[in-house]
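Reading through the C-alpha cells given below for one structure.
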Amino acid sequence: MRMKTLVGPLVAAALLLTACSGEEPGAATGARKTVNLDIHGWIGYEAQAAVLAYLLEHELGYTVNTRKMKEDQSWRDLETGKVDVIIENWGHPELKKEYVEQKKVALSAGLTGNKGVIGWYVPEWMAKKYPGITDYRNLNKYANLFRTEKTGNAGQLLDGDPSFVTNDEALVRNLGLNYKVVYSGSEDALIKAAQDATKNRTPLLMYFYEPQWLFSKVKLVKVALPPYAVGCDANAAKVACDYPPYLLDKIVSRDFAERGGRAYELVRNFSWTNDDQNAVAGAMINDRRSAEQAAAEWVAENKIVWKDWIPR
C-alpha cells in the first residue's frame, strides 16, 4: 500500500516538471518547441509547408517560424542553425554531397511522396497546329515562331528563377538548338506566360514542372527530349538528355534530427501525393485562400491521410 501511495505524487511531480520545461511528456531531453521552416519560390512548396506548419502548431503545439529564401541559401543555413527543415527538395546532388556527406550538418528525412517532373512545354494549341513541334529534333524548324526582342534571330526558351534546378542552357547548346534561355524570374511569371499563350494563342516554349495546379487549368504538352538514362546528366556542362524523374525528399539539419523531438518525427512521417499538393495549391491560387486557410481546409477534409503522420 505504501508503494501505491508514493507513485501518484512522483508521477504528478514529473509531469509538472515536464510542463514547466516546455517539453511534452516523453520528449527527448533538450527537444525544442520551435521549428524554423524555409519557404522556396514555387506554390507547391508553399502548400506543403503550410500543411506541415498547421499540423505542427495545431496538433503538436509547436511554434513555426517561416521565411522565404532561395534554395542554396537554405542549404547554407542548415549549417548555421537558421533553418531546420527544407520540406521539398528537388535532387541537388551537389548540395547533398557538400552538406550531407562531407560537412555532415544535414540529412534526408525521407520522401515527400511527390513525383517530380521537369521538362519543356508548349501550349496544346501549338502541338495541334504545328505537327512535330513536340519533338526536340524539329524545334529549329520552328525557332522563328519563338523569337523575341531578347533573343534576336534565336527562339526563346522561357525559364523561371535562375536558382531553380535547370540544365536548359547546356541542353540548348549541346543539342545544337537555335534558342536562347531567358529567365522570367519566378514561377508566377511562368504561369502568367502559359495562361497568356493559351488565351491569346501566342507561341511559347517554356521550362515547367509537376506537381503543379496549373495543369488542371491550362493544357500544356511536354516536348520530347533525348531520353534520360542514369548518368547522362553527370557532367552538367555536357548534358544532352531529358531531366530525370524526381522522387522529392525532405532535408533537415542534423541538430533538428537529434533534438527536434515529435516535430522531427512528423516531418519524417509526412508523405502525400501530387493530387494532395495540387489541391492545397489550387485553393491558394484559384480560391484566393491564404496558405493557412488552404492548409486548414485540407487538414479538415483529409484526416485519413495525415492521422498516421502524428507521432504517438
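The values are calculated or read from the model by the stated rules, or taken from the named source; none is laboratory data. These figures come from a predicted structure and were not determined experimentally. Cβ coordinates were reconstructed from backbone atoms using ideal geometry, including for glycine residues, and neighbour counts include every protein chain displayed. Quick note on the areas: whole protein, heavy atoms, side chains included, nothing else; ligands and nucleic acids left out. Shrake-Rupley method; radii C 1.70, N 1.55, O 1.52, S 1.80 Å.
Between residue 257 and residue 173, what is the label-point separation in nm under the 7 Å Cα-to-beta-carbon projection?
3.5
Non-local amide H neighbours of residue 159 (under 5 Å, H modeled in plane, Pro and chain starts lacking H): which ones?
182, 183, 184, 207
Quick check on the chain: helices-only [θ] at 222 nm, where DSSP H runs of length 4 and up contribute -39,500 (n - 2.57) each and the sum goes over total residues. Nearest 500, please.
Calculated at 222 nm, the ellipticity per residue is -11500 deg cm²/dmol.
Given points 7 Å out from each Cα along the Cα-Cβ axis, report the residue 103 to residue 140 separation in nanometres with one decimal.
Each label point is offset 7 Å from its Cα along the Cβ direction, giving 4.3 nm.
Among the DSSP beta bridges whose two residues both lie in the chain, what percent are antiparallel, rounded to the nearest 5?
55
Compute the distance in nm between two label points, each set 7 Å from the Cα along the Cα-to-Cβ direction, one at residue 70 and one at residue 192.
Rounded to a tenth, the inter-label distance reads 2.1 nm.
Using 0.36 nm times the number of residues separating residue 149 and residue 304, minus their current alpha carbon distance, what extension gain do you get?
50.6 nm
Could you identify which residue out of 168, 84, 233 has the top mean-square fluctuation in a GNM of the chain using Cα springs shorter than 10 Å?
Of the options given, 233 has the highest mean-square fluctuation.
Taking the alpha-carbon centroid of each part, what is the distance from the stretch 89-124 to the stretch 216-264 in angstrom?
4
What share of the DSSP beta bridges in the stretch 135-241 is antiparallel, in percent to the nearest 5?
Roughly 10 percent of the beta bridges in the stretch 135-241 run antiparallel, per DSSP.
Out of the total accessible area of the chain (probe 1.4 Å, heavy atoms of protein only), what percent is carbon and sulfur?
On the chain, the fraction of accessible area on carbon and sulfur atoms equals 52 percent.
Which helices of the chain meet both criteria: a Cα extent of 20 Å or more along the helical axis and a mean Kyte-Doolittle score no lower than -1.0, with helices taken as whole DSSP H segments?
Helices passing the filter in the chain: 2-21, 43-58.
Accessible area per residue, 1.4 Å probe, Å², for the chain: what's the number?
Using a 1.4 Å probe on heavy atoms only, each residue of the chain averages 50 Å².
If amide hydrogens are placed 1.01 Å from N in the peptide plane, which non-local residues have theirs closer than 5 Å to the one on residue 242?
Amide H to amide H, under 5 Å and 5 or more residues apart or across chains, residue 242 pairs with 228.
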